[in-house]
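Here the structure comes first, spelled out in structure tokens, and everything after it is commentary.
The values are calculated or read from the model by the stated rules, or taken from the named source; none is laboratory data. Being a predicted model, the structure only gives us computed values, none of them experimental. Positions of Cβ are generated from backbone atoms using ideal geometry, with glycine treated the same way; all protein chains shown enter the neighbour counts. Heavy atoms of the whole protein, side chains included, go into the accessibility calculation; ligands, DNA and RNA do not. Shrake-Rupley method; radii C 1.70, N 1.55, O 1.52, S 1.80 Å.
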Amino acid sequence: MTKPNPPSAPSLLTSFFDRPLPLYLSAALLRLIFLIYGLWQDANSPVKYTDIDYLVFTDAARFVSQGQSPYARETYRYTPVLAWLLLPTSWCQTNQHHHHYLNLILFSSGKILFALADLIAGYLLELILTTTNSKSHHPLPPSTARKFASIWLLNPMVATISTRGSSEGLLGVLTTFLLWSVLSNRLTLSAILLGFSVHFKIYPFIYAPAIIWWMGPTTQLSKLITLPRLKFAFISLSTFLLLNYAMFYFYGIDFIQHTYLHHVTRVDHRHNFSPYNTQLYLSSAFPELSEYKIESLAFLPQLLLSCLLIPLATAKKDLAGSMLAQTFAFVTFNKVCTSQYFLWYMVLLPLYLPNSSFLKNKTLGLTALGLWVLGQAMWLQQGYELEFLGKSTFLPGLWVASLVFFGVNCWILGEIIGDIGTRKMKHL
Amino acid sequence: MRERITFIQKLGDSIDPAEVKIDRNVIKAPQVQAVREDRLTIALDELPSELQSLLSGLHELHIRWVSPVAYETVSPLLARLPPGFHLFFTPGNEIKATSTILCQTLTKIFGPQISCTTPSESFTTLPTDRFSHSTAYQFFHPLSTLSPFIHYTQSHLCSLSNKPCTTRLSSLLTSSTLDISYDTISHSLRLTSTWPYQRQQISASSHPNHRTEVGILSSDKPKTLESHELGISGLLTVLDQDTKPSVTMFTFPSRHRDAESFFSATFLNPTGLHPTLQLSLPSPSKPPGNTCNLHAYLTLPNTIFPDKYQLSDPLFLQSKNISSLRYISTPIDLEAPAYLTKKWGSTLLLQLSSSSSPSTAEIPLHLRYLPPSYTGYSTVQTPYPAIFWACTAEEGTKFPTNPFEKVNLGYDGLFGPRTVFWHVEPRPVSGKELVNKVRVPVLDLAKADYVNLGTALVVLSGFLWVVFKLVSVVFGKKKVEKEKKTQ
């Protein structure tokens, strides 16, 4: 199946995807409109368009430009690289030498970077979908590939998140870049990208077992250790350690504390989509009374699925599909889950959908999408009553909603695994 | 030990000296409508030993308790603070800041409501770089009653048979403020309590070896009074020494004045997890002078907190009728639940815009997660803020300490030495208390029986379902391929 919707006559829609320019121009325009609208809203409304996290990044960048640590900014929990990337935002000046519009552009430079990352990620999706030397895919014609890439490129949710200044978009480009580089057999580049990605946001470490498993020529466990695998492991690990060493050298224990240890010691008690949320609130309030410390075992199903079982069962058949399923499992089984995390797997969706049962079977696809949206809507309604109306909806409302949403996600994950696991292996 | 008892009436009210009866160590006079202030100065070596050892290790300690019950006061006792227990403290050395003794003693004296561990862990630090008169640390708790303090002092300061002593201390239950101050220079502990403006019985007696001075005074406005001064006149008597009261009249510069207007504070409904405190000033009258700005000073327990990043956007502040964020204590954790927060809370000083009349300002605040309860709700008590106009007095004006002056109020150290505070009187919206209550939704323990089991079962089922799918794609390949062929 190459075209999901063969049109009877050349329509405006098909000619839109025939050439790359219309799609990428619209994607860029969409982000530009959002960006300018955001600047207008920020300047004219007490309710801000810009994400609070963006102010955290830009504050951290300002500290860096003053020769201080980015961790001088409270709640900065990222690698210093992010603050360095956003250094131009600290060049905003209030003196008359700087034009007002120049200041606006400088302030928005981070958002522009995130939006550009979105576009590059979209282009890489097109490349991966059309690439011919891939072991896992039947290459798609460029127009069809662009149609699927547009799920990412023209997605208003993606465009909103990056233009509000959330850095999750950078993960999109890192993931697609990593996948493209692996599929085009660039071993050193792939290893460096993986090391950097893990340094940047930890979770991409789940891709390591999938890539290593995919790399090998056979499925025999006795031939597990091969030279390319060793090389890949060595380079990626060295990149990761070298970057961490450098950051530790610059910013000391603050870097380790805020970037990594914070995620170990934090108490994720505030309401979020995670199924563990209510239980975590309960056990954090009564640490001495918790008989079943299920939250300390929570990493087990999460890591078993995303790092071991899913890659073993699916990576050799479809690396992109495996990475999607792994990310989906990682987010679904995580101890904390907010809607920004959905972006982590959304970027891989265009690579999986072309041959998915969700597209072949429209009812199944719409049911999955409907349930996924409905699960969130249920939770958001309970969350609204708690957060804004002050109703105690922790139990049963939020708890049940998060478990229902978890159930929906598990079902979708099962379907994805069913799809990619039954794909025929393309032998070289 | 020295004692000073002062009754202060309003301008124009006075008592006829002939009506004051003095009999050696006893003074009696007809009832007056007045504020009563009692001040007791105790030398360090007259205190119980545990207090002696505690205080000798301190550089400075000021406790200021303000009753939650709204009270009326008169000039010059005008300085106001948010109701509750305020503590300002400078340790003798930094090692003392990590000691648990101060907190243990405070809990012993003021009751278990005062919960802290060590100054360095539970207290917030005050900016000491700008004006040297600030203490190093601040602590606050919305303590509503002095009864534990009364019990402690009755058992430690009064002998068992001394009925007048215990009665006197019991009267603190109706007091509107209590100040306890100690510093190494004076080497003595000064306790000052006031009772609200109401009918007061004038009756006092002195004890051997205690100097007791009684003043029956009124606010006064002599013709020579300068604009930055307050005047007072009336009768002073030193018991056991004077046979008749001596008439007195004096003026002094004062940093605390009456703005002659009032305000009320209430939370906007619904409060949710981000309550907004609305301040209403029906007729904000600007004091004389050009350089006056309206301010709100808030002391918030750690269950409710302001976000300094939210309060730094000019457009946002403008929409709330706030001119600027003048001071916010640090650090304030923006995420932690109340039960894992060690600092007592936070201090906030906002400059309000006062262009309109009536004037309202809205202060956006945020609730922390509180421990679960069996009703699904908890209550957070938020004291009224102190609202005042801060005006800069003319160049060269000096404010030497006057007999009724209060320093170390928390906010005074955030302003220059020539600042005069014109206080706006707080009035409850309903009832008598200057405290706003917020109902906070918490996890309902009555419904929490199956949370652990339910979560575990659902997660396990989800996990097993995914594993089942994985197993079936690995081992059920042929079957699926067959199915495909038949399709």
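Per-structure values
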| quantity | calculated |
| --- | --- |
| Dipole-positive endmost among A:167, A:232, B:110 within the protein assembly as shown (Cβ charges, Cα centre) | A:232 |
| Convex hull per residue volume in Å³, alpha carbons only, for the stretch B:336-414 | 194 |
| Chain pair A, B: total accessible area buried, heavy atoms, 1.4 Å probe, Å² | 4700 |
| Unit charges on C-beta of K, R, D, E only; dipole of the stretch B:111-251, Debye | 420 |
| Counting all C-alpha pairs of chain A, share separated by more than 40 Å (%) | 19 |
| Positions from the stretch A:374-403 whose accessible area shrinks by 40 Å² or more when the full protein complex is built, not the chain alone, probe 1.4 Å | A:387, A:390, A:392, A:394, A:395, A:399, A:403 |
| Accessible area (Å², 1.4 Å probe, nearest 10) - residue B:128 | 70 |
| Using distinct alpha-carbon pairs, which all enter the 1/r mean, Kirkwood radius of the stretch B:391-433 in Å | 12.9 |
| Computed label-point distance, nm, for sites residue B:437 and residue B:318 using a 7 Å Cα→Cβ extension | 3.9 |
| Among A:49, A:321, A:104 the positive-end extreme of the charge dipole of chain A (Cβ point charges) | A:321 |
| The stretch B:257-443 pair-distance distribution - Cα-Cα, 5 Å bins, rounded % | 1, 7, 15, 19, 19, 16, 10, 6, 3, 1, 0, 0, 0 |
| GNM result for chain A, Cα springs below 10 Å: residue of A:227, A:413, A:380 fluctuating most strongly | A:227 |
| Residue B:378 long-range amide H proximity, modeled H, under 5 Å | B:440, B:442 |
| Filtered GluC sites (Glu not before Pro), the stretch B:368-443: DSSP coil and at most 12 other beta carbons within 10 Å | B:394, B:395 |
| Centroid-to-centroid separation of the stretch B:76-106 and the stretch B:7-24 [C-alpha atoms, Å] | 36 |
| Check: the stretch B:257-443 dipole with +1 on Lys, Arg Cβ and -1 on Asp, Glu Cβ, in debye | 280 |
| Amide H partners (placed H, <5 Å) of residue B:59, local residues excluded | B:90, B:92 |
| Alpha-carbon centroids, the stretch B:241-261 and the stretch B:269-301: separation in whole Å | 30 |
| Inter-part distance where the stretch A:23-63 and the stretch A:345-365 are each reduced to a Cα centre, Å | 31 |
| Hz values of 3J(HN,Hα) by residue in the stretch B:31-37 - Karplus curve (6.51, -1.76, 1.60), Gly and Pro given as x | 4, 10, 8, 7, 8, 10, 10 |
| Sites residue A:338 and residue A:225, calculated FRET efficiency, Cβ-Cβ separation with R0 35 Å, nearest 0.05 | 0.35 |
| Among beta bridges that DSSP assigns inside the stretch B:257-443, antiparallel share in %, nearest 5 | 90 |
| Share of Cα-Cα pairs in the protein assembly as shown lying beyond 53 Å, as whole percent | 31 |
| Accessible surface, 1.4 Å probe, highest first, among residues B:360, B:98 | B:98, B:360 |
| Using θ = phi - 60° and Karplus 6.51 cos²θ - 1.76 cosθ + 1.60, couplings along the stretch A:390-400 (whole Hz; Gly, Pro as x) | x, 8, 7, 9, 3, 10, x, x, 5, 4, 4 |
| Amide hydrogen neighbours beyond the local backbone of residue B:258, cut-off 5 Å, H modeled | B:423 |
| Distance between modelled label sites at residue A:157 and residue B:449, nm, 7 Å Cα→Cβ extension | 3.8 |
| Sites residue B:115 and residue B:427 - FRET efficiency at Förster radius 35 Å, r taken between beta-carbons, to 0.05 | 0.70 |
| Solvent-accessible area of residue B:312 with every protein chain in place, 1.4 Å probe, in Å² to the nearest 10 | 80 |
| The stretch B:2-253: proportion of alpha-carbon pairs further apart than 35 angstrom, % | 19 |
| Residue A:251 accessible area, 1.4 Å probe, all protein chains in place, Å² to nearest 10 | 40 |
| Mean accessible surface per residue for the stretch A:193-252, computed with a 1.4 Å probe while every protein chain stays in place, in Å² | 53 |
| Zone residues, the stretch A:140-164, relative to residue A:353, backbone N less than 15 Å from point 7 Å out along Cα-to-Cβ | A:143-159 |
| In Hz, Karplus ³J(HN,Hα) per residue of the stretch B:241-249 (6.51, -1.76, 1.60; θ = phi - 60°; x = Gly, Pro) | 9, 8, 9, 9, x, 9, 7, 9, 8 |
| Most mobile listed residue (A:19, A:62, A:164) in chain A, GNM with C-alpha springs under 10 Å | A:19 |
| Exposure ranking of B:357, A:402 by accessible area [1.4 Å probe, largest first] | B:357, A:402 |
| Segment residue B:286-residue B:93, extension gain: residue separation times 0.36 nm, minus the distance between their alpha carbons | 65.2 nm |
| Distance in nm between pseudo-label sites at residue A:366 and residue B:128 (7 Å out along the Cβ direction from Cα) | 7.1 |
| Largest-first ordering by accessible area, 1.4 Å probe, given options B:45, B:258 | B:45, B:258 |
| Gaussian network model of chain A, Cα within-10 Å springs - most flexible of A:305, A:324, A:282 | A:282 |
| Stokes-Einstein D for the stretch A:274-428, Kirkwood Rh over Cα pairs, 37 °C, 0.692 mPa s (µm²/s) | 195 |
| Accessible area (Å², per residue) of the stretch B:2-253, counting only protein heavy atoms and a probe of 1.4 Å | 45 |
| Exposure rule at most 13 other beta-carbon atoms within 10 Å, DSSP loop GluC sites (Glu not before Pro): chain A longest free segment | A:1-287 |
| Surface share of carbon and sulfur [accessible, 1.4 angstrom probe, percent] for the protein assembly as shown | 61 |
| Under 13 Å from the residue A:188 label point (7 Å along Cα→beta-carbon), backbone N, the stretch A:229-254 | A:232, A:235-236 |
| Average other protein chain Cβ within 10 Å of Cβ, residues A:73-79 | 2 |
